[in-house]
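What follows is calculated from the coordinates using simple rules that are stated; it is not laboratory data. Model, not experiment: these values are computed from the prediction. Every residue, glycine among them, receives a Cβ derived from its backbone with ideal geometry; neighbour counts consider all protein chains shown.
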């Protein structure tokens, strides 16, 4: 690895440094090895890693072959990871050693598993069993494997974006798959990302969010190729975040509102301890941002904080500057060039400006998407060539877009999408549960937190702690409701369906907001 310096050019993770030439060489050799394993255009390579230099290299290597990198949420349980491996038809899984050990028996036949050493900065950030640091016996050590291969020199092929799995309101996660962009789409995308992400040659970017998530993945992969520096954090820690901004002269950030809230909770003396004057562009997305938190951040860092609204499927749709946020508190900005939005009422017709409707979008310069293996799911979210993520909102007379609520039940906690139907299905498998409802309630730190209201079977006594303990055996920890209440009878509509809004609305009314 190269020697460190405040203006190091390359990818940084903890004390490790890999300059651009080293990254390019390792990417080419990983691509050569993957090619020998049969990975080619249109194939999938699953990546199960926390934020790491090797994550970036593996994703770039898949792209070099015209294949899809498939980031896998490392919080997932073995059965959830098994589903993605099978659905994506990946022939290769690349993962941190400690994350692979629990997958014995969950790896489909024919999948080659490459084990990446879990690096020191991740060991320092997470409590990891030291017995899990070596490669499992069903995996190949990636570093030893890599020595066999010279750099790949095959033909240059169109490079698709990573295929991100995003959950639906029902059923299993869905892979959002796009064709590789045309040269014209690539140029348009670069212009848009330069506006939204603030990316330009020589950018010095810091990424505190997880690379398995759609927006940080896009930001990281793009910024890592611009000749500057990309600094990865194994997990967000407020003071360490400020230290890195100063030490690495960071100028560009991608964040989520939860990070703002945690930073603002730091003592004033700690906030003033670090020089953040190098910052020139901060973009946030993924969850609603409280207007007072954004105002406080603008007062601290200056009018360099921007926001965009979009989704994994639709891409970026709107953009808001700091001035927009101060002038129109709560707005997610104006519609981006090349994007069309429709606000549709319950009857499917367009509503007037200022009236609330479900938001449908179409982006002319964005390669269209399909749900991998699930064409029928795409049809469910489409209307006349426009697609929706289920948000409802309105556009005001000045052209500013506001998000009011969600038509579907999705909960966004700390910038992560969570779908109650999956948790409700797991709750129904818990002994003694008659029925249940899962929804989001206000949370000061994460924006929303999961609430589960459970109706026991007649004569059965249930304990909230026991329910959460059982859910942890089948669900990723972040999907386990933070709050569980036991109700003897749930409110129901005449049809017998649970009247979820009667359970949910009082929490939001007390908070004075709807989202």
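Quick notes on this structure:
- Take each peptide in 178-191, 208-221, count the other Cβ atoms within 10 Å of every residue, and average; sorted highest first, the result is 208-221, 178-191.
- Cα gyration tensor category, rounded, prolate or oblate, for segment 338-448 with a/c compared to 1.5: prolate
- Taking the centroid of alpha carbons for each part, segment 345-363 and segment 118-193 are 36 Å apart.
- Our summary gives segment 98-234 a relative contact order of 17 percent, counting only alpha carbon pairs under 8 angstrom and 6 or more residues apart.
- Sequence-separation-based contact order of the chain, relative, with Cα cut under 8 Å and 6+ spacing, percent: 11 percent
- DSSP-defined beta bridges in the chain - what % are antiparallel, rounded to 5: 60 percent
- Rounded if a/c under 1.5, otherwise prolate or oblate - segment 411-511, Cα gyration tensor axes: oblate
- For segment 36-60, the residues whose backbone nitrogen is under 16 Å from a point 7 Å from the Cα of residue 150, taken along Cα to Cβ, are 36.
- Size of segment 8-72 as Cα extents on the principal axes (Å, biggest first): 34, 24, 14
- Taking each DSSP H run with n ≥ 4 as -39500 (n - 2.57) and averaging over every residue of the chain yields -8500 deg cm²/dmol at 222 nm.
- Label-point separation in nm, residue 79 to residue 477, each point 7 Å along Cα→Cβ: 2.0 nm
- Spatially, segment 222-288 and segment 432-466 are offset by 35 Å when compared through their Cα centroids.
- Per-peptide packing, taken as the mean over residues of other Cβ atoms within 10 Å, places 249-256, 333-340 in the sequence 249-256, 333-340 from highest down.
- Relative protection proxy for 412-420, 62-70, from highest mean packing down: 62-70, 412-420 (other beta-carbon atoms within 10 angstrom).
- Shape call, segment 10-160: gyration tensor on alpha carbons, a/c limit 1.5: oblate
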